[in-house]
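Presented below is the structure to which this report refers.
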Amino acid sequence: RATWRELGHALLFAVVLWPLDALVVAFALAAPLHLALTPLLMATAGGGEEAKVLKQWTVSTWPAASGVAALGLLLLALGGYALGLAAGARAELTRVLVGAPREDDQEARVVELTRSRVRLVDAFEAERRRIERDLHDGAQQRLVALTMALGLARLDAPPGPLADQLAKAHGEAGKALEELRELIHGIHPKVLADYGLPAAVADAADRSAVPVDVTLELPGRLPQAVEAAAYFVVCEALANIGRHSGATRAAVTGGHRDGRLVLRVRDDGRGGADAAAGSGLTGLADRVSVLDGRLSLSSPPGGPTLLSVEIPCEPCDPRDHRERTEPCA
């Protein structure tokens with residue numbers, strides 16, 4: 001499509017536009033300039049006696065030549081203005097035919113892109129909750145039933161190889177159940193859906209390899225997308241602290257102020273963390289940015305490391321929290 005527009009513009013220029021440009025230049029610039037040079041023409045070509053003005057009429061006196069020159073200067077100024085208007089019109093025509101999209105079109109595309117990203121995040125969160133619910137109500141319940149059945153069979157079996165095999169199977173089923181619970185918790189923790197962000201952060205702190213102090217005060221439930229993004233940022237930060245920082249203690253603080261959820265994760269480790277070095281925070285930063293939020297990391301060598309998250313949002317009514325993912329009014 002762009003190639004055809006460029007070809008059409010080239011043909012239009014070759015047939016129509018360049019003659020119009022020549023006429024505009026002739027009337028707006030060449031004719032007034034010729035009038036302004038009438039005294040010079042009279043002194044040189046006419047021998048000081050007469051001069052042809054635009055090859056139409058003759059000027060034979062110096063006062064008349066000066067008047068024509070003054071008129072030429074005035075028309076030259078007006079012609080320059082007209083030439084600017086013509087150039088602007090040509091530029092607009094070229095922009096319409098072969099130029100980049102207009103600014104309002106670009107703004108519309110940016111708005112639509114932002115909305116599509118938000119819809120993708122919402123769909124992603126809904127799918128995570130569906131998978132968590134299916135695993136919790138389906139596979140996990142079957143594993144629980146299997147574990148109980150193996151345990152009962154183990155109790156009823158007489159000592160011997162069969163009892164040993166049942167004990168081994170019972171232990172493996174218990175390990176599989178624990179791994180499935182951890183997987184469900186990583187997909188979308190039930191405590192986050194049922195009790196909100198403070199309880200979920202406290203649960204993540206209890207499971208952290210490093211002791212964590214939690215001070216998080218919120219006026220109520222927040223939109224699901226905001227709670228999920230904040231929770232997984234905290235979990236990733238605590239996991240990085242346990243794996244890489246060498247810290248002896250960490251702290252999670254925050255609250256809701258001025259229409260924004262503010263979280264701070266601090267540790268007393270060695271510092272030198274880089275969000276772009278495969279820490280997992282880059283993807284979370286993109287996720288936060290979809291919600292018009294901001295994630296920043298300060299980690300000078302020697303520490304301490306401070307991870308900050310700010311997401312604009314308003315508290316939700318607990319009654320409609322499950323049905324809403326966008327910021328509540």
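Within region 54-74, residues that are within 14 Å of residue 36 (Cα to Cα) have Cβ atoms under 9 Å from residues that are among the basic types (Lys, Arg) and outside any helix (DSSP H, G or I) in these pairs: 59/52, counting only partners at least 6 apart in sequence or on another chain.
For residue 253, the stated conditions hold: it is touching a Ser or Thr at 6+ places or on another chain (Cβ under 8 Å), β-branched (Val, Ile, Thr) and in contact (Cβ under 8 Å) with a residue 12 or more places away in the chain.
From the list 3, 38, the one residue that fits, being modelled with pLDDT under 85, exposed (fewer than 15 other Cβ atoms within 10 Å of the Cβ) and polar (S, T, N, Q), is 3.
The values are calculated or read from the model by the stated rules, or taken from the named source; none is laboratory data. Remember, it's a predicted structure, so these values are computed and weren't measured experimentally. Don't worry about glycine lacking a Cβ; one is built from the backbone with ideal geometry, like all the others, and counts go over all protein chains shown.
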